[in-house]
Amino acid sequence: MLPSDRELHEEGETMPTYQMPIIVGVFQDEAQARKAVEELRNANFGRDQLGVATHNPNNVINNLAQDFMKLGVPEERARYYEHEFQAGHVIVSVRPDGREAEARRILQGNGGYDYGLDVALPSDGSKQ
């Protein structure tokens, strides 16, 4: 789900914790997330900068919160993302490399919402 540049570690070693900004969008459905990822790619965000957690048999995610915390995301926020994922939503993460506003604009412009920000409403106007 998250950027794949984690170092492998020997048994008994602890993995390093990365302190990097991660921009996240939570999406009500996969079509919205797919459109956001396509727009991010068109804006020259590399595949190594993007992560997507979806609910399909080829995408096994055991502990999304732990993955986010290893990237420096605070625990409360990481648990929020895991809760949203468990509720059936798609999570898109971006390592923006200095382009935070652009990444956030693309995610929110495609219906993504984030922890602590106003929730994007589905087209029928109801919260899910």
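Figures for the structure shown
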read-out	value
Residues (surrounded by 13 or more Cβ atoms within 10 Å (Cβ to Cβ) and closer than 17 Å to Asp29 by Cβ) located in the stretch 85-105	Phe85, His89, Val90, Ile91, Val92
Residue in the stretch 73-84 that is surrounded by the fewest Cβ atoms within 10 Å (Cβ to Cβ), counting only those that are under 13 Å from the mean Cα position of the chain (by Cα) and within 18 Å of Pro96 (Cβ to Cβ)	Arg77
Top-ranked residue of the stretch 22-65 - restricted to ones that are without any contact (Cβ under 8 Å) to a residue 40 or more places away in the chain and surrounded by 13 or more Cβ atoms within 10 Å (Cβ to Cβ), ranked as farthest from Gly112 (Cα to Cα)	Ala65
Arg77 vs. criteria among the basic types (Lys, Arg), in a helix (DSSP H, G or I) and touching a residue at least 12 places away in the same chain (Cβ under 8 Å)	yes
Residue list for the stretch 54-72, restricted to those being among the basic types (Lys, Arg) and either closer than 23 Å to Gln32 by Cα or within 13 Å of the chain's Cα centre (by Cα) (or both)	none
Arg34 vs. criteria under 13 Å from the mean Cα position of the chain (by Cα) and over 21 Å from Pro96 (Cβ atoms)	no
Residue that is farthest from His55 (Cα to Cα) [pool: residues in the stretch 80-117 that are in contact (Cβ under 8 Å) with a residue 40 or more places away in the chain and of a type in the set (S, T, N, Q)]	Gln108
Subset of the stretch 48-74 (residues that are in a helix (DSSP H, G or I) and either on the phi > 0 side of the Ramachandran plot or of a type in the set (A, V, I, L, M, F, W, C) (or both))	Leu64, Ala65, Phe68, Met69
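Any read-out appearing in this document is the output of simple, stated calculations on the displayed coordinates, not a laboratory observation. Because the structure is predicted, anything quoted here is derived from the model rather than measured. Every residue, glycine as well, gets a Cβ built from its backbone with ideal geometry; the counts of neighbours run over all protein chains shown.
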